[in-house]
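The values are calculated or read from the model by the stated rules, or taken from the named source; none is laboratory data. Predicted, not measured: the structure shown is a model, and the values here were computed from it. Cβ placement follows ideal geometry from the backbone for every residue including glycine, while neighbour counts extend to all protein chains displayed. These accessible areas exclude ligands, DNA and RNA; they are computed on the full protein's heavy atoms, side chains included. Shrake-Rupley method; radii C 1.70, N 1.55, O 1.52, S 1.80 Å.
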Amino acid sequence: MTRFAVLVLIAALQLAFIMMTLALLLVTRLRGSRWRAREDDAEISLAEPLQRIMLGDDRGEALAAALGRLRRDAATREMISIGGTRLSPEQRAGLALLVRRAPWVQQTLAQAPSRKWWKRMEAARLLVMVCDKGDVGLVERLVTDMHAAVASAATGAISGCANSSLVSAIVGGLPFRPASVRLQQCNALRSHSALANDAVVVALSRPASVAQLRAWIQLAEVLATPEALAAVVPLASHADREVRTSAARALRSCFSAEGAEAVSGLLKDEDWRVRAAAARAVGALNVRGAIPMLSEAMHDESWWVRFRAGLALADLSMAGRAALEEAQGSPDPFARDMATLIRGLSDGSRLDLTSA
Amino acid sequence: MEAEPLRAASFAALFWIDNGIIAYFLLLNSFYALLLLLAIPELMEHWRIADDENLRLLRGAEVIPPISVLVPAFNERATIVASVLSFLTLEYPSHEVVVVNDGSTDGTMEALISFYELYETPAAYPDVVPTARVRAYYRSKVYSKLTCIDKENGGKGDSLNAAVNAARFSYVLAVDADTLVERDALLRLARPFLLGEPVAAVGATVRVVNGSTVVHGIVTHPRVDGRWLPGIQTVEYLRAFLFGRLGWNRLGGSLIISGAFGLFKQEHLQAIGGYNAGSVTEDMDIVIRLHKHLRMEGSSDTIQFIPDPVAWTEVPVTLRGLYRQRERWHRGLISTLISHRSVCFNPRYGRLGFIAYPFFLFGEMLAPLIEVAGYIAFGVSLFLGVADLEFTLLFLLVSVGFGFLLSLWATVLEEVSFRRYPSLRDFFLLIWFSVIEAFGYRQVTLWFRLQSYWKYVRRDVRWGVMEREGFERVS
């Protein structure tokens, strides 16, 4: 084959591709317009039944029937949208009962074992809207999904069917979830604090890895129940600094004499991260007895410890602020500079930084 | 009798030079096609996860890391107050803004002090990365998130280093003071954290703001500028960001994260000594050094590109402005690649040494020289009859066609995913500019890039001044 023939072949292929791409572009445009028109039609067809259910004229039969007339994907999308933002929980529960056995719901939920994560996510989102007690297995499967977006989307379904086995499975799986999903699931478990409380107390009392302990301490922090936090107190003296830091952070969520004593003790920890977390906790718990230790922390070698100690002192009544003023006159330039920085802040800015 | 063999040898040499250029062209375009193919599944993956529902989950999430937004500013008095305000009001659970006044002479610092009620604070941060002398540190009485640094002029990289030193948080976002960052861009940029992915750096899309309607620093109606120069650059940016960089996610990560909008893990930045203050393309230099560092440390952190967080930037509307920009970009590319030449085909650097670096070397840095060589070789071949007119024209047509096809595909990707330009007018403008790019614009930018070699040899390190129309004016 000559080089001219090669070029001719490439040019021909190229021309074909260009024509196909142009056609694809036009088709995409047209399909996009049609898709939006269909979306608008779906919304319009649901407007009247939706209004009736919102005004209390209907229990949702008309809306369920209107959803049933839409294509599966459109019905799923509309149900997620309507249920998520426009209906009260009671109205949503009523509608869920009516559509639960509808073919489009079954088809979407049947995507839960799909290999494509976006299909599993669609199933998870719909499940949040239509979940009932019989869906425990499905919820467990989706909240422990390896794809964070799926696990995250399914988290909203926990409240619809939580029981002790589901809660135990979620608590047990927390250490393996990405941090954001873990936090979401901890927050979701707060609605079932009695079940979660028992599970986390048991979990924290057993020997466990650092990652497990950190996840369960985070759950205890979110639950903020005296029992869960009491289980955290012994971990303030754990050998691992990450566990101690997590414990200091958790213990600031609710005052207890044991917790206050434990975080005050952590102000002397060998690791700066633990000391900084402890200084913050002491401020949050308003432990006035720790003012001398915080004054000492103003001379710490770590900027973060001095910063947190300064903010905590500014929060601890007149005595704390006096200690901060004293630090500003200190011969130690580090303590002096930090005190100048903290005292220069407006109250709003200081509160903002304290909670950041 | 002696002239005949010489003539035959010259003809043969010309023939093989032509063939070499055709082979180079085919290889390069095949690689672009590969990038496009790799970008498609990446884009779809991101598009599916980028919708509002997932973004909503992020809002208020305490687990996404706090971010320090680093804003180097040099003589930005006219816009600095509004830009900083737009950075302060970004939607994000926890972020701070560190503005560095790089020895401005137009009253930039005074404008900041007055509007944000700044007060001087002690130098409470260790200088991990050396910088030009810092005159003073400031905090705002009214915006707790704001820190300002006033320092002597040292260039953009130096300002970023000063900001890296002062940044409190473990992730830093480098932005340009004259870039419009979309309100939810930071949240979108934090998506790898939502997904639990370890990242060292995240790059995002920069789009052309010219022609769009901008109200109070927000792009309310994205439009394609009807003028040829900004219009063609709109297509260029789409091509570069929608598949040029996205495709690299599957090839070990791109060598470029735009200096106007890029997120970095602070510990890595500090470990590699911060930005190279002497570089005119500090954004490329830092990414190559980061790649090398991650590789040498055996870190599992990755360098990613995410297409949906968007920052808008103004592009040059005059040839003079375009010349300054492109000449500087290419000069920076040459300088950076030469200074990191040890990476090339070095097994220690894996895909960086065997894919990314060679591509940027042969496909980007040397491309203008090879293209000119191609024009000359084909001209001479045509003149001497080594190549016929039909063949030469066909080759030109094929090369124009490849460029057009790639630009068209960038438009396709835009249409099937984020669709920022909904009007039919913009749709046809994008296609029109894809067609005319090869006629004139390509040759002009080739000439600009060629001049960078000479300037590089002369050790010219000037940035040049970017002429701007202003966001509200271009709308």
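Each residue in the stretch A:219-239 was checked for being open to solvent by less than 30 Å² (accessible area, probe 1.4 Å) and assigned to a helix (DSSP H, G or I), and 10 pass. Taken over the stretch B:341-354, the residue count meeting the criterion of being open to solvent by 10 Å² or more (accessible area, probe 1.4 Å) and either under 19 Å from the mean Cα position of the chain (by Cα) or within 18 Å of B:ILE303 (Cα to Cα) (or both) is 6. Mind listing just one residue for me: the one in the stretch A:13-37 that is touching a helix residue (DSSP H, G or I) at 6+ places or on another chain (Cβ under 7 Å) and of a type in the set (Ser, Thr, Tyr) and, of those, least open to solvent (accessible area, probe 1.4 Å)? Per the stated criteria, the residue is A:THR21.
Has the stretch B:168-183 got at least one residue that is within 14 Å of chain A (Cβ to nearest Cβ), under 21 Å from the mean Cα position of the chain (by Cα) and either within 25 Å of B:ARG328 (Cα to Cα) or open to solvent by 10 Å² or more (accessible area, probe 1.4 Å) (or both)? Within the stretch B:168-183, one or more residues are within 14 Å of chain A (Cβ to nearest Cβ), under 21 Å from the mean Cα position of the chain (by Cα) and either within 25 Å of B:ARG328 (Cα to Cα) or open to solvent by 10 Å² or more (accessible area, probe 1.4 Å) (or both). Considered as a group, the residues in the stretch B:424-466 that are within 13 Å of another protein chain (Cβ to nearest Cβ) and open to solvent by 40 Å² or more (accessible area, probe 1.4 Å) include one that is modelled with the lowest pLDDT, and that residue is B:LEU424. The requirement of being surrounded by fewer than 21 Cβ atoms within 10 Å (Cβ to Cβ) and more than 23 Å from A:GLY348 (Cβ to Cβ) is not satisfied by A:ARG275. Open to solvent by less than 70 Å² (accessible area, probe 1.4 Å), away from chain B (no Cβ under 14 Å), free of Cβ contacts under 8 Å to residues at least 12 places away in the same chain and of a type outside the set (Val, Ile, Thr): does that describe A:ALA93? Here the answer is yes, as A:ALA93 does meet what is asked.
Please find, within the stretch B:383-397, the residue that is farthest from the other protein chains (Cβ to nearest Cβ) out of those that are open to solvent by 40 Å² or more (accessible area, probe 1.4 Å) and in a loop (DSSP other than H, G, I, E, B). Applying the filter and picking the extreme gives B:GLY385.
Annotation: of all residues in the stretch A:301-354 being in a loop (DSSP other than H, G, I, E, B) and within 13 Å of chain B (Cβ to nearest Cβ), the one that is surrounded by the most Cβ atoms within 10 Å (Cβ to Cβ) is A:LEU345.
Against the numbered list (1) open to solvent by 30 Å² or more (accessible area, probe 1.4 Å); (2) of a type outside the set (D, E, K, R); (3) more than 9 Å from chain A (Cβ to nearest Cβ), B:VAL416 comes up short only at (3). Looking at B:ASN153, B:ASN161, just one residue is away from chain A (no Cβ under 14 Å), out of contact with any Pro (no Cβ under 6 Å at 6 or more places or on another chain), surrounded by fewer than 22 Cβ atoms within 10 Å (Cβ to Cβ) and farther than 30 Å from B:VAL224 by Cα, and that residue is B:ASN153.
Taking residues in the stretch A:161-185 that are within 11 Å of another protein chain (Cβ to nearest Cβ) and of a type in the set (Ser, Thr, Tyr), and partners anywhere that are buried (at least 24 other Cβ atoms within 10 Å of the Cβ) and part of a helix (DSSP H, G or I), the pairs with Cβ atoms closer than 6 Å and at least 6 places apart or on different chains are A:SER180/B:LEU194. Does the stretch B:60-67 contain at least one residue that is surrounded by 18 or more Cβ atoms within 10 Å (Cβ to Cβ), modelled with pLDDT under 90, aliphatic (A, V, I, L, M) and in a helix (DSSP H, G or I)? No, there is no match, as no residue in the stretch B:60-67 is surrounded by 18 or more Cβ atoms within 10 Å (Cβ to Cβ), modelled with pLDDT under 90, aliphatic (A, V, I, L, M) and in a helix (DSSP H, G or I).
Within the stretch A:38-90, restricting attention to residues that are among the hydrophobic types (A, V, I, L, M, F, W, C) and within 14 Å of chain B (Cβ to nearest Cβ), the residue that is surrounded by the fewest Cβ atoms within 10 Å (Cβ to Cβ) is A:ILE80. The requirement of being within 30 Å of B:VAL214 (Cβ to Cβ), at pLDDT 90 or above and within 14 Å of chain A (Cβ to nearest Cβ) is not satisfied by B:ILE49. Counting just the residues of the stretch A:245-267 that are open to solvent by 20 Å² or more (accessible area, probe 1.4 Å) and closer than 22 Å to A:LEU183 by Cα, which one comes out modelled with the highest pLDDT? Applying the filter and picking the extreme gives A:ARG249. Within the bounds of the stretch A:127-147, is there any residue that is within 26 Å of A:ALA62 (Cβ to Cβ) and at the interface with chain B (Cβ under 10 Å from one of its Cβ atoms)? Looking through the stretch A:127-147, none of the residues is within 26 Å of A:ALA62 (Cβ to Cβ) and at the interface with chain B (Cβ under 10 Å from one of its Cβ atoms). For B:VAL380, the conditions (1) assigned to a loop (DSSP other than H, G, I, E, B); (2) open to solvent by 50 Å² or more (accessible area, probe 1.4 Å) all hold with the exception of (1). Of all residues in the stretch B:291-313, those that are open to solvent by 10 Å² or more (accessible area, probe 1.4 Å) and closer than 21 Å to B:THR213 by Cβ total 1.
The rows are residues; the columns are (1) out of contact with any helix residue (DSSP H, G or I) (no Cβ under 9 Å at 6 or more places or on another chain); (2) outside any helix (DSSP H, G or I); (3) β-branched (Val, Ile, Thr).
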{"site": "B:TYR357", "(1), (2), (3)": "no, no, no"}
{"site": "B:LEU369", "(1), (2), (3)": "no, no, no"}
{"site": "B:SER399", "(1), (2), (3)": "no, no, no"}
{"site": "B:TRP409", "(1), (2), (3)": "no, no, no"}
{"site": "B:PHE418", "(1), (2), (3)": "no, yes, no"}
{"site": "B:PHE433", "(1), (2), (3)": "no, no, no"}
{"site": "B:THR445", "(1), (2), (3)": "no, no, yes"}
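Could you tell me whether any residue of the stretch A:192-201 is closer than 13 Å to A:SER246 by Cβ, of a type in the set (D, E, K, R) and either open to solvent by less than 10 Å² (accessible area, probe 1.4 Å) or assigned to a helix (DSSP H, G or I) (or both)? Checking the stretch A:192-201: not a single residue is closer than 13 Å to A:SER246 by Cβ, of a type in the set (D, E, K, R) and either open to solvent by less than 10 Å² (accessible area, probe 1.4 Å) or assigned to a helix (DSSP H, G or I) (or both).
Of all residues in the stretch A:115-150, those that are small (Gly, Ala, Ser) and modelled with pLDDT of 90 or more total 3.
Restricting attention to the stretch B:112-150, the residues being open to solvent by 20 Å² or more (accessible area, probe 1.4 Å), basic (Lys, Arg) and assigned to a strand (DSSP E or B) number 1.
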